[in-house]
Amino acid sequence: MERENPPQETIKLLIVDDSPLFRQMINMILQKHPHIDVAGLAENGEKAMKLVVERKPDVILLDLEMPHIDGFTFLRWMMAYYPTPVLVISSHSDGYSIFRALELGACDFYGKPSSNGELLEQPKDLISKIETLSKISKESLSKKYAKLAHSKKRVEVPQPPKRRGALSRLLAIGASTGGPPALVEIVSNLPEEIPVPIVISQHMPPGFTKSFSERLNKLSHLRVSEVDGGEPLEAGRVYIAPGGYHLLFEKIGSRVHTCLKTKTEEDRYAPSVDLMMISAAEIFGPGVFGVILTGMGDDGKIGMSKVKKEGGVTLAESEETAVVFGMPREAIEAGVVDQVLPLHKIAEEIIQYYRRFPK
């Protein structure tokens, strides 16, 4: 006799959006998913506050631009008093607002499709994100963001030495859900004279990585940019893999350049942390410092294994601060992580590591 799968727990969802059409459309989609129950609909932050207190939702879908009390004000209030996983809903053209919301405590975002029909026909990504966020406990969310709030003070460590000449080392970072604010925490604390290039693959759809790189550029001492493909890697620069592409590397003469590979239908993640780290390890060998941050799934486990095999150094974010501990856990349990640290200690460890090398 076959064992039946246990029924899925019902997810209570609060939808906060000033568009009646969008609220109605989400309701239509969720009727086909009985394990998701719409616990309330709100057209502004004021009504959303009341529903949070009354209904205690598991996940909140949040629009940012609303009358009366906007999404940002609501988010600050909620994270202070009723920490709840939030999925920001916004257009592709509003990248600045999205990343500001993630820094205020939102866990992830969903870009509105160009047409309502597209969302009705292909709701899989939206449903998947709701299910992922529902697994984040409110207690852990409260503790993690309390720690982050106390870690805003800049890391006070000596500047690492300048290093010139041919590059032989690389810092490679991978992240997914919860990654943008984690990356801000790390990159904003790295000094301008960091003696290596920094490459980042953050799971993000096309159209958002450019806005994210621009925001990160404003918040850090380093020059941050989205990769165009073909750039030579330079120390003290941060290269963000564009959504929909994989970031790889190729050696041309004595220099290493970026190389973009287009996503295929078979690719689960694009950019892929695994592909970036494998390529980095093949080019830089033992010179790679691989870091895996918060995220759902196992992307990065194979890449970190390759870094470790080639003699590189590996570090993972701890469960203490990871919004979703999936990706770090997979790499840790695979036995390919040298060190596990909370987010607020990672930048200091990176700086201290590179200070060990001579000029």
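Is it the case that residue 80 is crowded, with 23+ Cβ neighbours inside 10 Å and in the same structural domain as residue 143 (by TED's automatic domain parsing)?
no
Of the residues that make up region 134-142, is at least one at pLDDT 70 or above, farther than 28 Å from residue 22 by Cα, over 19 Å from the mean Cα position of the chain (by Cα) and in a helix (DSSP H, G or I)?
There is at least one residue in region 134-142 that is at pLDDT 70 or above, farther than 28 Å from residue 22 by Cα, over 19 Å from the mean Cα position of the chain (by Cα) and in a helix (DSSP H, G or I).
Identify all residues within region 13-46 that are surrounded by fewer than 18 Cβ atoms within 10 Å (Cβ to Cβ) and of a type in the set (Lys, Arg); write none if there are none.
32
Hey, could you check region 312-324 for residues that are buried (at least 21 other Cβ atoms within 10 Å of the Cβ) and modelled with pLDDT of 95 or more and say which is farthest from residue 280 (Cα to Cα)?
Checked region 312-324; the qualifying residue farthest from residue 280 (Cα to Cα) is 317.
Can you tell me which residues in region 229-266 are in contact with a strand residue (DSSP E or B) (Cβ under 9 Å, 6 or more places away or on another chain) and without any contact (Cβ under 8 Å) to a residue 24 or more places away in the chain?
Scanning region 229-266 gives 252, 261, 262, 263.
Search region 299-309 for residues being buried (at least 19 other Cβ atoms within 10 Å of the Cβ) and not aliphatic (A, V, I, L, M), and hand back the single one that is farthest from residue 287 (Cα to Cα).
Checked region 299-309; the qualifying residue farthest from residue 287 (Cα to Cα) is 299.
If I filter region 181-194 for residues that are surrounded by fewer than 21 Cβ atoms within 10 Å (Cβ to Cβ), at pLDDT 90 or above and among the hydrophobic types (A, V, I, L, M, F, W, C), do I get at least one hit?
Looking through region 181-194, at least one residue is surrounded by fewer than 21 Cβ atoms within 10 Å (Cβ to Cβ), at pLDDT 90 or above and among the hydrophobic types (A, V, I, L, M, F, W, C).
Find all pairs meeting these conditions: Cβ atoms under 9 angstrom apart; at least six residues apart or on different chains; first residue within region 1-20 and basic (Lys, Arg); second residue modelled with pLDDT of 90 or more and part of a loop (DSSP other than H, G, I, E, B).
Within 9 Å, the pairs are 12/56; 12/57; 12/58.
Filter region 280-298 for residues that are surrounded by fewer than 24 Cβ atoms within 10 Å (Cβ to Cβ) and within 17 Å of residue 203 (Cβ to Cβ) and give the result.
Residues satisfying the conditions are 296, 297, 298.
If residue 222 meets every condition in (1) modelled with pLDDT of 95 or more; (2) under 17 Å from residue 177 (Cα atoms) apart from one, which number is that one?
Looking at each condition in turn, residue 222 falls short on (2).
List, please: which pairs have Cβ atoms under 8 Å, are six or more places apart or on different chains, and start with a residue in region 299-321 that is on the phi > 0 side of the Ramachandran plot and end with one that is of a type in the set (A, V, I, L, M)?
Listed pairs, sorted by first residue: 300/273; 300/277; 300/292; 300/327; 300/331.
Output the residue which, of all residues in region 332-359 that are part of a loop (DSSP other than H, G, I, E, B) and under 20 Å from the mean Cα position of the chain (by Cα), is nearest to residue 315 (Cα to Cα).
Once the filter is applied, the top-ranked residue is 337.
For region 1-118, list the strands (runs of 3 or more DSSP E) that sit wholly inside it and hold at least 1 residues that are at pLDDT 90 or above and out of contact with any Ser or Thr (no Cβ under 9 Å at 6 or more places or on another chain); which are they?
11-16, 36-42, 59-63, 86-90
Which members of region 243-293 meet the condition of being among the acidic types (Asp, Glu) and closer than 20 Å to residue 311 by Cα?
250, 274, 282
Residue under question is residue 285, and the condition is that it be assigned by TED's automatic domain parsing to the domain that holds residue 346, on the phi > 0 side of the Ramachandran plot, free of Cβ contacts under 8 Å to residues at least 40 places away in the same chain and not in a loop (DSSP other than H, G, I, E, B); does it hold?
yes
Looking at 263, 210, which one is under 20 Å from residue 99 (Cα atoms), in the same structural domain as residue 299 (by TED's automatic domain parsing) and modelled with pLDDT under 95?
Answer to the check: 210.
Just for region 205-245: of the residues that are of a type in the set (A, V, I, L, M) and closer than 18 Å to residue 186 by Cα, which one is surrounded by the most Cβ atoms within 10 Å (Cβ to Cβ)?
Of everything passing the filter in region 205-245, 241 is surrounded by the most Cβ atoms within 10 Å (Cβ to Cβ).
I'd like to check something: does region 210-228 contain any residue that is in contact with an Asp or Glu (Cβ under 7 Å, 6 or more places away or on another chain) and among the basic types (Lys, Arg)?
yes
The values are calculated or read from the model by the stated rules, or taken from the named source; none is laboratory data. This is a predicted model, so every value here is computed, not measured. Here Cβ is always computed from backbone atoms with ideal geometry, including for glycine, and neighbour counts include all displayed protein chains.
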